[in-house]
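In what follows, a structure is listed as structure tokens, so that the remarks can point back to it.
The values are calculated or read from the model by the stated rules, or taken from the named source; none is laboratory data. Predicted model only: the values in this text are computed from it and were never measured. So basically every Cβ, Gly included, is an ideal-geometry build from the backbone, and we count neighbours across all protein chains shown. We work out accessible area using only protein heavy atoms, side chains counted, and drop any ligands, DNA or RNA first. Shrake-Rupley method; radii C 1.70, N 1.55, O 1.52, S 1.80 Å.
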Amino acid sequence: LKLVSRKHYSVEKGPMWAPERKKVATTITKEMIDTGSWKDEQFKATNWHSTGLREQGGYLHPLLLVRMEYRKILIGMGFEEMPTNKWVESSFWNFDALFQPQQHPARDAHDTFFIKQPAECSLESIPKDYVDVVRKTHEVGGFGSIGYRYDWSLQESKKNLLRTHTTAVSTRMLYLLANQEGGFQPRKYFSIDRVFRNEHLDATHLAEFHQVEGLVADRNLSLGDLIGVIKTFFAETGITELRFKPAYNPYTEPSMEIFGYHPDLGKWTELGNSGMFRPEMLRPMGLPEDVRVIAWGLSLERPTMIKYRIKKIKELFGHKISLETTQNSPLPRLDNRLNH
């Protein structure tokens, strides 16, 4: 004997039977309402207890997160934000007004992106007497300086370029500050925006990056004030391992480079530059003799790399950045004590 199992199926017409398969509607449409076909339409049942799809909104890039925190810290320190909507600048405001000679290597095409069309701008909006004082200071000096002893070219100063630093914005603001109604008043300014340089790309350099610019204009300031302000700012961001190295800048004296320690790279990374603006830059604007301006330009990317432990700058900014990294990046925990 052998046990055999047999299964039998019975197929019958159910209440939803139809000779043709019909797709069940998931939602009512305008066409159904206009034609009245919704009355005979079959709709898919809705489960009101199910969880909906996760909302996929926009995510803030780590640079934007750090930028917002830096802005809060600087405003908390009493700084006013400068307008930085001019990416294209004239060579006059970017170089000449800063007492940077026209034969300086930084003004070469190997370091600066010059604009082809329009290649030049008009300097008619700048008072002629100010341009003449800038020219004279370059050629023969003044205010305790012997100048650079060369023939300054007006055509060279008209060349358009992508700004190499937001110090061009600071120069404009200082000129307005010197010539405002009622005379000079102490001010603290800052800006955070993009700058452009013809750099060789590597782990810590890009041709387009963000600069955190700050300046304090007041009477009888010193280098100690500059170091104190920079240390206070970075302490609020949580970066306390800093070094200052003497440096040279055409428009600041004395000048210092600022370095911060990157724990993953295992080395000191340059964060920015700083110094006291020279009299050859300030006095032609009309600022009083006892007014000193301490200033600094810091990279936004490199402190962000230290904060997020990123080794290569291309992983932070550029076309190679992972969207998943942006989506999952945590909020920066900056030890901001100013609001406590």
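Of the set (1) assigned to a loop (DSSP other than H, G, I, E, B); (2) surrounded by 12 or more Cβ atoms within 10 Å (Cβ to Cβ), all apply to Arg21 but (2). Residues that are over 21 Å from Asn160 (Cα atoms) and hydroxyl-bearing (Ser, Thr, Tyr) within region 57-95 comprise Tyr59, Tyr70, listed in sequence order.
The residues of region 28-81 that are on the phi > 0 side of the Ramachandran plot and either touching a Leu at 6+ places or on another chain (Cβ under 8 Å) or free of Cβ contacts under 8 Å to residues at least 12 places away in the same chain (or both) amount to a single one, Gly36. Within region 266-284, being crowded, with 20+ Cβ neighbours inside 10 Å and among the hydrophobic types (A, V, I, L, M, F, W, C) holds for Leu271, Met276, Phe277, Met281, Leu282.
Taken over region 247-265, the criterion of being open to solvent by 50 Å² or more (accessible area, probe 1.4 Å), more than 24 Å from Val133 (Cα to Cα) and aromatic (Phe, Trp, Tyr) is satisfied by Tyr261 alone. Listed here are the helices (runs of 4 or more DSSP H) enclosed by region 114-227 that have at least 2 residues being open to solvent by 70 Å² or more (accessible area, probe 1.4 Å) and among the polar types (S, T, N, Q), and there are none.
Reported count of residues in region 258-277, each being of a type outside the set (A, V, I, L, M, F, W, C), touching a Pro at 6+ places or on another chain (Cβ under 8 Å) and within 21 Å of Ser222 (Cβ to Cβ), is 1.
Yes or no, residue by residue, for (1) more than 52 Å from the chain's Cα centre (by Cα); (2) outside any helix (DSSP H, G or I); (3) exposed (fewer than 13 other Cβ atoms within 10 Å of the Cβ):
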{"residue": "Val4", "(1), (2), (3)": "yes, yes, yes"}
{"residue": "Lys7", "(1), (2), (3)": "yes, yes, yes"}
{"residue": "Val11", "(1), (2), (3)": "yes, yes, yes"}
{"residue": "Met16", "(1), (2), (3)": "yes, yes, yes"}
{"residue": "Trp38", "(1), (2), (3)": "yes, no, no"}
{"residue": "Ser50", "(1), (2), (3)": "no, yes, yes"}
{"residue": "Asn85", "(1), (2), (3)": "no, yes, yes"}
